[in-house]
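Sharing a structure below in structure tokens format, with a few things to ask.
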């Protein structure tokens, strides 16, 4: 049986990071399922009692979502339309049980190709804040997740927050769509998250389109984003997407769906997400 | 490392010394004995362990004990005080929202979290809040109805018990968390047992010497191997005992049992195969029926040439001639997959030696077969084994085979302590039986008037590594393969082949659901070819009383398919019109609607085999009526139904009944809970027992047949016309069970063995049903949403209409899973997030139409309904998909990517 440490402030947390390799625990919704029928022997550093790691904070230039903020916290938070996509993703994470316990930081660190939070956060242009015993650093989310269950997190380092820069435009809209083989508790076949920033003429001045579950790491579709820039927002945005735009996707054949299906469905879900965001009031 | 945990549970403060990383669910169950919180998966996939933490619903299996510190936890035991029911629990009882009851605590806690913030939720809000809890029994509809009716009134139930929707007598225990399932009543001082299983589908096995490991490992008492098993084989049929309790020289599927560790929980959990002198040498595995049949295929069992376990055949009339003269022919090939039972309660139990006997407490569908199997494995007499079934958290056929029982019995006889074993979800899924995958080829022929002249079918089943119930499937399918129709010429062959896959066993319908997918597609093909309505062609051919079945059995009565179809007809017309309107109104929409129909029949009880049940009932000195009930209630409701039947036979109220369920020392053999037989067979035995008890009382009172009985405490009043006689039960001599009057009843439905052509009387009666489905298919994504099912079932007589509805709704849910999402793949879907079963959000509105065409042999006219609910669902859904999309479905499950591929194929063909 291992040690278990549950610091209650940042100083103690940082001190703990100095003292050697540990397994980091937050909501437990990935930790325990990976250990069914196995002894629980890890040395644990439990982040959930550090108040600074939990909650959503607005600053002049950004929002900061603490790593142990739960999906329910996000759903219930009073946030601008920019976050509708993230909230929709939060509602798709497991049942209420998992939304009440699972954390946004844990979702990123677990680095599942089908993590519900990742496409939405990519569409928000999120950065992640990493802390070790010496320093904090801020890196782009795209640089943080390296592969299936692989991140840049080093031993002695924790993810403390997700930082979302405020958009330039006054008008921002976001959507998130998830395709699964059943209604609740389902691992995604395809996820699409889109954020559009528009000017006073409803022309797109910035946009981010991210697709999940169709590559080892969820990714943005740069070519599509370029095409969308300068377009006037309408449901006809859906007609702009082509097969070439999804060429970077590399889905796999697995028990849930074939590779061909995922590509085909990704195109459809992107079109629908564009139609939806194009017709939002 | 152990720390003190301070927290509040159900209003009471606790300070416990527990390792901080312990799952909260284990703290509640093991430290506080609050076993109302269930463990279904330990992975957050099923929600059975849902509790409230500071008012929020949370999976206790994924919460570290340390994170519960200082918080307030509410479990199912905390919903109401002293065994009472709160309004939510009362609504569950009133609506029949709990069947096996294993998900009920989780459902109740999830609903409680919703009701705390919203006392008047909508249906959609209920679904969102309960979406994290899986139920495998109910189809969710009655659960939703219950949550929407908290505080509602109960209808008054008076008069006869039969025909009344009486609440389950075991309902309150299931809804308060008091009920004890396989894992809930394990003695604190027991040893634990864990089976280590093969990760390979086929391998040679070499076992070394385990002495060192045992010496070196603190808390490890023994490593049991095949050498410790007196008779190392088990299986359903006397001729099919081919599954080793523990492997000898080889393993035949991923999940096959190798050795068993016995010791403390910590010790057995810490060891894995890599720590033991067990050598596996991988061999080529046989996967699928085609590989099993192939020339030169590895042979799984000696004497089973071409890996053929068994072949069953039904041959009536002259198919060759009929085909020559028929005007229309249709044919097809169909394929289905392994399907997992996915009962929410994993296998669990414990055993102890009592003198020279072994006593087994385990979750099961059959106490008597377990007793026989344990005695055979131990090579002792039947009198040396006592089986006391625990409550069963879902079975559906999967708990007809023994699981923990043989090895626990062996271990219990060896140690001076009780020994317990609980499967984790992946072990349960890897090791337990599955629905047989089927490859079915068929050809149906008819005249231009649409009347069937012949039906041909060859159904090859993948029976996996061991025989299990393979022979039943191979025997039952030929009888049913031509469908619920009168067909003069029939030739159906069912074959079961061994492969290196999990043993296929019994699963709600024994192969008939697979066959129904084929025969119903044939009916749709014929309707299309002849331009007939799909319901009409079924009505035209529906088998009726007086007709002969494929086995040459003349149906004497209770053949209610025409009545089912008539009841569906107005709904059918409406769903078809609605689909056409919807599609015409939205010609450009990506969603298309369609309607489909499936019909079925199902022989009640064993196929052409003796199938008896004996029930006893007595009345005690205190006026309690005791049913000595050997039938195991796995949630289907026999604990309610049998007292209802018996009560009306005696002439006393069902509320006065208590029962002893399944204890082999105290009840007679009522057979297994399988083949939809308990209401029909044990129900008839309960009726006879009740009548005998009544006659004993009437004789004592010297009263006539028509006398009226009334119980008032220990006074039994017998009113015969003007004469009133009061019997003081307390004053009469009681037998060893405390009974002063007794009755016994026995029933074995009349059947005959089938001859070489499969001709004879395999079943005494048949259930009939038809269901219609309305679906919406997303043509671009290949996803299917079932909007509505209307189900009409001829059940002979509904003893308890609410429970009949519950059985059908639950069957529909499993049929929907079979049709659209369920596919077990060894090594890939051994958990409940990769293996998908329907959630509360996947179920359509279900309307149940109960048809009562009485069965003269059955108790008060009743026959079974357990399996029929599932059989027509997949055919109806597939018919509706075809109606919506034009795609003729030949593969189950119709996953989105498969349907999308078919849609694209058609679009290309048309374009």
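The values are calculated or read from the model by the stated rules, or taken from the named source; none is laboratory data. Not measured: the values here are computed from a predicted model. Note: ideal-geometry Cβ built from the backbone for every residue, glycine included; neighbour counts use all protein chains shown.
Inside region A:2-37, can you point out the residues that are more than 14 Å from every other protein chain (Cβ to nearest Cβ) and either surrounded by 15 or more Cβ atoms within 10 Å (Cβ to Cβ) or more than 16 Å from residue A:53 (Cα to Cα) (or both)?
Matches in region A:2-37: A:13, A:14, A:16, A:17, A:18, A:19, A:20, A:21.
Within region A:170-281, considering only strands (runs of 3 or more DSSP E) that don't extend past its boundaries, which have at least 2 residues that are within 14 Å of another protein chain (Cβ to nearest Cβ) and under 30 Å from residue B:894 (Cβ atoms)? Break it down stepwise before answering.
Details: elements: A:171-179, A:190-198, A:204-212.
The qualifying strands (runs of 3 or more DSSP E) are A:171-179, A:190-198.
What's the total number of residues in region B:39-76 that are at the interface with chain A (Cβ under 10 Å from one of its Cβ atoms) and more than 15 Å from residue B:109 (Cα to Cα)?
Total meeting the criteria: 12.
Conditions first: (1) surrounded by fewer than 19 Cβ atoms within 10 Å (Cβ to Cβ); (2) touching a residue at least 12 places away in the same chain (Cβ under 8 Å); (3) part of a loop (DSSP other than H, G, I, E, B). Residue B:98 passes all but one, so which condition is the exception?
Among (1) surrounded by fewer than 19 Cβ atoms within 10 Å (Cβ to Cβ); (2) touching a residue at least 12 places away in the same chain (Cβ under 8 Å); (3) part of a loop (DSSP other than H, G, I, E, B), residue B:98 violates only (1).
Residues that are over 29 Å from the mean Cα position of the chain (by Cα): which strands (runs of 3 or more DSSP E) entirely in region B:679-789 hold 3 or more of them? Quick ask: steps written out before the conclusion?
Details: elements: B:708-712, B:715-720, B:723-728, B:739-747, B:766-778.
The strands (runs of 3 or more DSSP E) meeting that bar are B:708-712, B:715-720, B:723-728, B:739-747.
Could you tell me which of the residues B:300, B:269 is crowded, with 16+ Cβ neighbours inside 10 Å and in contact with a helix residue (DSSP H, G or I) (Cβ under 9 Å, 6 or more places away or on another chain)?
Working: B:269 fails: in contact with a helix residue (DSSP H, G or I) (Cβ under 9 Å, 6 or more places away or on another chain).
Going through B:300, B:269 in turn, the sole match is B:300.
Next question. With respect to residue B:25, determine if the residue is within 14 Å of chain A (Cβ to nearest Cβ) and assigned to a strand (DSSP E or B). Even if it seems obvious, please write down each step before you answer.
Numbers: within 14 Å of chain A (Cβ to nearest Cβ): yes; assigned to a strand (DSSP E or B): no.
No; evaluated as a whole, the condition is false for this residue.
Oh, and also: From the list B:884, B:862, B:892, which residue is closer than 16 Å to residue B:815 by Cβ and either touching a residue at least 24 places away in the same chain (Cβ under 8 Å) or away from chain A (no Cβ under 14 Å) (or both)? Full working, then the answer.
Working: B:884 fails: closer than 16 Å to residue B:815 by Cβ; B:862 fails: closer than 16 Å to residue B:815 by Cβ.
Step by step, each of B:884, B:862, B:892 is checked, and only B:892 is closer than 16 Å to residue B:815 by Cβ and either touching a residue at least 24 places away in the same chain (Cβ under 8 Å) or away from chain A (no Cβ under 14 Å) (or both).
Now a separate question. Collect the residues in region B:293-307 that are in contact with a strand residue (DSSP E or B) (Cβ under 7 Å, 6 or more places away or on another chain), within 23 Å of residue B:335 (Cβ to Cβ) and in a loop (DSSP other than H, G, I, E, B), keeping them in residue-number order.
First, pick out the residues of region B:293-307 that are in contact with a strand residue (DSSP E or B) (Cβ under 7 Å, 6 or more places away or on another chain): B:293, B:300-301, B:304, B:307.
Then keep just the ones that are within 23 Å of residue B:335 (Cβ to Cβ); that gives B:293, B:300, B:307.
The answer is B:300, and nothing else.
Is one or more of the residues making up region B:77-89 within 14 Å of chain A (Cβ to nearest Cβ) and crowded, with 23+ Cβ neighbours inside 10 Å?
Scanning region B:77-89, I find no residue that is within 14 Å of chain A (Cβ to nearest Cβ) and crowded, with 23+ Cβ neighbours inside 10 Å, so the answer is no.
Going by what's in this entry, would residue B:864 be described as under 28 Å from the mean Cα position of the chain (by Cα) and under 30 Å from residue A:94 (Cα atoms)? Spell out how you get there, then give the answer.
On the way: under 28 Å from the mean Cα position of the chain (by Cα): yes; under 30 Å from residue A:94 (Cα atoms): no.
In short, no.
Something else now. Look at residue B:137 and say whether it is more than 14 Å from every other protein chain (Cβ to nearest Cβ), buried (at least 21 other Cβ atoms within 10 Å of the Cβ) and closer than 30 Å to residue B:830 by Cβ. Give the derivation first.
Details: more than 14 Å from every other protein chain (Cβ to nearest Cβ): yes; buried (at least 21 other Cβ atoms within 10 Å of the Cβ): yes; closer than 30 Å to residue B:830 by Cβ: yes.
So residue B:137 passes the test.
Take region A:61-91 and flag every residue that is closer than 18 Å to residue A:161 by Cβ, free of Cβ contacts under 8 Å to residues at least 24 places away in the same chain and assigned to a loop (DSSP other than H, G, I, E, B).
Scanning region A:61-91 gives A:77, A:79.
May I ask you to verify whether residue B:441 is in contact (Cβ under 8 Å) with a residue 60 or more places away in the chain, part of a strand (DSSP E or B) and closer than 19 Å to residue B:336 by Cβ?
Details: in contact (Cβ under 8 Å) with a residue 60 or more places away in the chain: yes; part of a strand (DSSP E or B): yes; closer than 19 Å to residue B:336 by Cβ: yes.
Considered against the rule, which asks whether it is in contact (Cβ under 8 Å) with a residue 60 or more places away in the chain, part of a strand (DSSP E or B) and closer than 19 Å to residue B:336 by Cβ, residue B:441 comes out as yes.
For residues that are surrounded by fewer than 13 Cβ atoms within 10 Å (Cβ to Cβ) and within 14 Å of residue B:772 (Cα to Cα), scanning just region B:557-593, find the one that is nearest to the chain's Cα centre (by Cα).
If we take residues in region B:557-593 being surrounded by fewer than 13 Cβ atoms within 10 Å (Cβ to Cβ) and within 14 Å of residue B:772 (Cα to Cα), then B:570 is nearest to the chain's Cα centre (by Cα).
Looking at region B:486-522, which of its residues are in a loop (DSSP other than H, G, I, E, B) and either surrounded by fewer than 24 Cβ atoms within 10 Å (Cβ to Cβ) or modelled with pLDDT under 95 (or both)? Don't jump to the end; show me each part of the working.
Within region B:486-522, the subset in a loop (DSSP other than H, G, I, E, B) is B:486-488, B:499-503, B:505-511.
If the condition is that a residue be in a loop (DSSP other than H, G, I, E, B) and either surrounded by fewer than 24 Cβ atoms within 10 Å (Cβ to Cβ) or modelled with pLDDT under 95 (or both), then B:486, B:488 are the ones that fit.
Hey, another quick one. Take the residues in region A:123-158 that are outside any strand (DSSP E or B) and without any contact (Cβ under 8 Å) to a residue 12 or more places away in the chain; name whichever of them is farthest from residue A:84 (Cα to Cα). Can you show your working first?
Taking region A:123-158 first, the residues outside any strand (DSSP E or B) are A:123-126, A:133-135, A:141-144, A:148-149, A:152-156.
Now restrict to residues that are without any contact (Cβ under 8 Å) to a residue 12 or more places away in the chain: A:134-135, A:143.
Details: A:134: 36, A:135: 33, A:143: 24 Å.
Within region A:123-158, the match that is farthest from residue A:84 (Cα to Cα) is A:134.
Pick out the one residue from B:7, B:92 that is part of a strand (DSSP E or B) and modelled with pLDDT of 95 or more. Break it down stepwise before answering.
Numbers: B:92 fails: part of a strand (DSSP E or B).
Just a single option satisfies the conditions, and that option is B:7.
Looking at (1) at pLDDT below 95; (2) crowded, with 24+ Cβ neighbours inside 10 Å, which one does residue B:482 not meet, given that it meets all the others?
(1)
Look at region B:558-573 and say how many of its residues are over 13 Å from residue B:597 (Cβ atoms) and in contact (Cβ under 8 Å) with a residue 60 or more places away in the chain.
Qualifying residue count for the region: 4.
Could you list, in sequence order, the residues of region A:86-108 that are within 25 Å of residue A:153 (Cα to Cα) and more than 7 Å from chain B (Cβ to nearest Cβ)?
Scanning region A:86-108 gives A:86, A:89, A:90, A:93, A:99, A:102, A:103, A:104, A:105, A:106, A:107, A:108.
Name the strands (runs of 3 or more DSSP E) wholly within region B:174-292 that hold at least 2 residues that are within 28 Å of the chain's Cα centre (by Cα)? Give the derivation first.
Values: elements: B:191-197, B:203-207, B:220-224, B:257-263, B:278-282.
Those strands (runs of 3 or more DSSP E) span B:191-197, B:257-263.
Taking the conditions exactly as written (free of Cβ contacts under 8 Å to residues at least 24 places away in the same chain, on the phi < 0 side of the Ramachandran plot and either touching a helix residue (DSSP H, G or I) at 6+ places or on another chain (Cβ under 7 Å) or outside any loop (DSSP other than H, G, I, E, B) (or both)), does residue B:124 satisfy them or not? Let's see the steps before the verdict.
On the way: free of Cβ contacts under 8 Å to residues at least 24 places away in the same chain: yes; on the phi < 0 side of the Ramachandran plot: yes; either touching a helix residue (DSSP H, G or I) at 6+ places or on another chain (Cβ under 7 Å) or outside any loop (DSSP other than H, G, I, E, B) (or both): yes.
Taking the combined requirement at face value, the residue satisfies it.
Going by what's in this entry, would residue B:823 be described as facing another protein chain (nearest Cβ under 8 Å), surrounded by 20 or more Cβ atoms within 10 Å (Cβ to Cβ) and either free of Cβ contacts under 8 Å to residues at least 24 places away in the same chain or within 21 Å of the chain's Cα centre (by Cα) (or both)? Walk me through how you get there before you give the answer.
Details: facing another protein chain (nearest Cβ under 8 Å): yes; surrounded by 20 or more Cβ atoms within 10 Å (Cβ to Cβ): yes; either free of Cβ contacts under 8 Å to residues at least 24 places away in the same chain or within 21 Å of the chain's Cα centre (by Cα) (or both): yes.
Considered against the rule, which asks whether it is facing another protein chain (nearest Cβ under 8 Å), surrounded by 20 or more Cβ atoms within 10 Å (Cβ to Cβ) and either free of Cβ contacts under 8 Å to residues at least 24 places away in the same chain or within 21 Å of the chain's Cα centre (by Cα) (or both), residue B:823 comes out as yes.
Still on this model: Against the condition touching a residue at least 40 places away in the same chain (Cβ under 8 Å) and in contact with a strand residue (DSSP E or B) (Cβ under 6 Å, 6 or more places away or on another chain), how does residue B:248 come out, does it pass? Steps first, answer last, please.
On the way: touching a residue at least 40 places away in the same chain (Cβ under 8 Å): yes; in contact with a strand residue (DSSP E or B) (Cβ under 6 Å, 6 or more places away or on another chain): no.
So residue B:248 does not fit the description; no.
Can you tell me which condition residue A:72 does not meet? The list is (1) surrounded by 23 or more Cβ atoms within 10 Å (Cβ to Cβ); (2) within 11 Å of another protein chain (Cβ to nearest Cβ); (3) modelled with pLDDT of 95 or more, and all the others hold.
Residue A:72 satisfies all of (1) surrounded by 23 or more Cβ atoms within 10 Å (Cβ to Cβ); (2) within 11 Å of another protein chain (Cβ to nearest Cβ); (3) modelled with pLDDT of 95 or more except (1).
While we're looking at this one, here's another question. Which of the strands (runs of 3 or more DSSP E) contained wholly in region B:584-661 include at least 3 residues that are touching a helix residue (DSSP H, G or I) at 6+ places or on another chain (Cβ under 6 Å) and more than 30 Å from residue B:719 (Cα to Cα)? So that I can check it myself, show each step before the final result.
Working: elements: B:591-603, B:613-620, B:625-629, B:657-661.
Output list reads B:591-603.
Starting from residues that are away from chain A (no Cβ under 14 Å) and over 24 Å from residue B:538 (Cα atoms), keep the ones in region B:766-803 and report whichever is surrounded by the fewest Cβ atoms within 10 Å (Cβ to Cβ). Full working, then the answer.
Quick first cut of region B:766-803, residues away from chain A (no Cβ under 14 Å) only: B:766-775, B:788-803.
If we keep only those that are over 24 Å from residue B:538 (Cα atoms) too, we end up with B:798-803.
Details: B:798: 24, B:799: 29, B:800: 26, B:801: 17, B:802: 20, B:803: 24.
Result: B:801.
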